[in-house]
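I have placed the structure first, in the form of structure tokens, so that the comments after it can refer back to it.
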Amino acid sequence: MTAGPLAGVTVVSVEQAVSAPLCTRALGDLGARVIKVEAPGGDFTRYYDDVVHGLAAHFVWVNRGKESLTLDLKSAHGTHVLHRLLDRADVFVSNLAPGAAAKLGISASDLTARHPDLITMEIDGYGPGGPLSHKRAYDLLVQAEAGACAITGLPGQPAKPGPPMADVCTGLYAALSITALLAERGRGTATATATGSPQGSASVSVSMFDTMTELMGYALTYTRHTGIDQQPVGMGSPAVAPYGAYATADGHTVVLGTTNDREWQRYARDLLGRPDLADDPGLATTADRVAARERLDAEITRWCAAHTLHDIQAAADTAGIGNAKLNTPSEVLTHPQHTARDRWREIDTPGGPTLAPLPPPVFEGRGQPPMGDVPALGEHTGAILRELGITDGELTSTMKEGEQ
């Protein structure tokens, strides 16, 4: 196991749910030390279910490799300990409910004044200064508000994309922003002066609504210039055709697609064996084929229904046509691509071991990335407080407070 490129960076978080925990887990996967400050009751996602040896799948997913410190931040003593911890930290991350950080005295402006060398990241729902800024924001709510659900599913049957895209992508944008500020700091004061940024503290915020609006870029740009709200097309794409999922003769589902006119010619001639479709002037361009989506889907559905998944994929590969098998989560757990590349690693949880996928970035020559265990609630409280030089009497008081 290697130290990772962010080794030596200490991240302190007051976080819950998915967006901020995924941000800090990503930083931890890159080698940062992550100290998760939890209220006495713990991050509520610990208790969503108990499928991982008594711990929730959500929590195990985004909280490996962290140290858990329990503090009651509503008490003066708890906030005093937090500030002592932040005196030694490089980064602070939070994603509390609207107004909660300010009430606790740990908003970005509060921390910038008190900790002049700290990078602060605030993740919120809708960003400050708007009519929705006061609202709680959960993944589904933000996806609905940003229009993502309206272009997912089928006409008249909107759907939420399966993965929590607002949470995940906000967390990743937050981690990217933090690494950018760390890189700026690493380049020295000359760069900071040239860019007009402060040489000490730096604050950045990312909102879930802004992130989902960014992810809606194609759909919003199309609508702005056409006045048309594109309708969802299930397993297809409103931008190109043919592109979709089709049942095979042996009971599987294959996904086939084209992204340009040259691919369509190979699709029609070499895969389907239909030169008549390739030569049809009404199907010559992407726009033509989108307009003829139903007709094309009917033709491809009939062809796929007469062939097995293996034969379809082999023919598609030979023709240079993108293809995939529609898999269930249980099939992905044993996917041969992951198995061949040895992409699963064992990590420990308070109740026992489990497997987790390696982080997506692959750094050549660095060996296995750091992938720590999932912490029990307050597991590292004593060690962290001793590290801060807290006396035995104060330590006992703090730990009792954290157990309440």
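To the nearest 500 deg cm²/dmol, what mean residue ellipticity at 222 nm is calculated for the chain from DSSP H runs of n ≥ 4 alone, each contributing -39,500 (n - 2.57), summed and divided by the residues?
Working: 19 runs with 165 residues, N = 404.
Per the formula, -11500 deg cm²/dmol.
A straight line joining the Cα centroids of the range 275-299 and the range 325-347 runs 36 Å. Centre-to-centre separation between the Cα atoms of the range 148-178 and those of the range 349-373: 25 Å. Here volume of the Cα convex hull per residue in Å³ was computed from the coordinates, and among [x] 138; [y] 167; [z] 187 the match is [z]. May I ask for the distance between the Cα centers of the range 31-73 and the range 82-103, given as a whole number of Å? Using only Cα atoms, the two centres lie 17 Å from each other.
Ignoring any ligand, DNA or RNA, what whole percent of the accessible area of the chain comes from carbon and sulfur when the probe is 1.4 angstrom? Carbon and sulfur together cover 56 percent of it.
For the pairs 36/160; 74/135; 36/74; 74/160; 160/325; 66/135, flag any whose C-alpha to C-alpha distance is greater than 26 Å. Flagged as over cut-off: 36/160; 74/160; 66/135.
Quick check on the chain: of the DSSP beta bridges with both residues there, what percent are antiparallel, nearest 5%?
Numbers: 18 of 41 bridges.
In the chain, approximately 45 percent of DSSP beta bridges are antiparallel ones.
Let a ≥ b ≥ c be the square roots of the eigenvalues of the Cα gyration tensor of the range 1-121; is it rounded (a/c under 1.5), or, if not, prolate (a/b larger than b/c) or oblate?
Since a/c reaches 1.5 but b/c is at least a/b, the shape of the range 1-121 is classed as oblate.
Among complete DSSP H helices in the chain, those whose alpha-carbon atoms stretch at least 20 Å along the helix's long axis and whose mean Kyte-Doolittle hydropathy reaches 0.5 are 165-187.
What does the charge count near residue 248 come to, summing +1 for each Lys or Arg and -1 for each Asp or Glu among other residues with Cβ under 11 Å from its Cβ?
Local net charge: -1.
Charge dipole (Cα centre; +1 on Lys/Arg Cβ, -1 on Asp/Glu Cβ; no other charges) of the range 50-100 amounts to roughly 40 debye.
What the chain shows is 49 Å² of accessible area per residue, with the surface traced by a 1.4 Å probe over protein heavy atoms. Taking Lys and Arg as +1 and Asp and Glu as -1, the other residues whose beta-carbon sits under 14 Å from that of residue 45 total -2.
What you get for the chain, charging only the Cβ of Lys and Arg (+1) and of Asp and Glu (-1), is a dipole of about 420 debye around the Cα centre. The value of relative contact order for the range 1-44, using C-alpha pairs under 8 Å at least six residues apart, is 50 percent. For the chain, the relative contact order comes to 20 percent (Cα pairs under 8 Å, sequence separation of at least 6). Considering the range 174-321, its Cα convex hull presents a mean projected area of 13.6 nm².
Using Cα pairs closer than 8 Å and at least 6 residues apart in sequence, work out the relative contact order for the range 6-83, in percent. Before the final figure, lay out the partial values.
Values: 121 pairs, mean separation 23.5, N = 78.
Normalised by residue count, the contact order of the range 6-83 is 30 percent.
The values are calculated or read from the model by the stated rules, or taken from the named source; none is laboratory data. What you see is a predicted model, and the numbers here were worked out from it, not measured in a lab. Neighbour counts are summed over all protein chains in view; Cβ atoms, including those assigned to glycine, are modelled from backbone coordinates with ideal geometry. Ligands, DNA and RNA are excluded from the accessible area calculation, which covers all protein heavy atoms including side chains. Shrake-Rupley method; radii C 1.70, N 1.55, O 1.52, S 1.80 Å.
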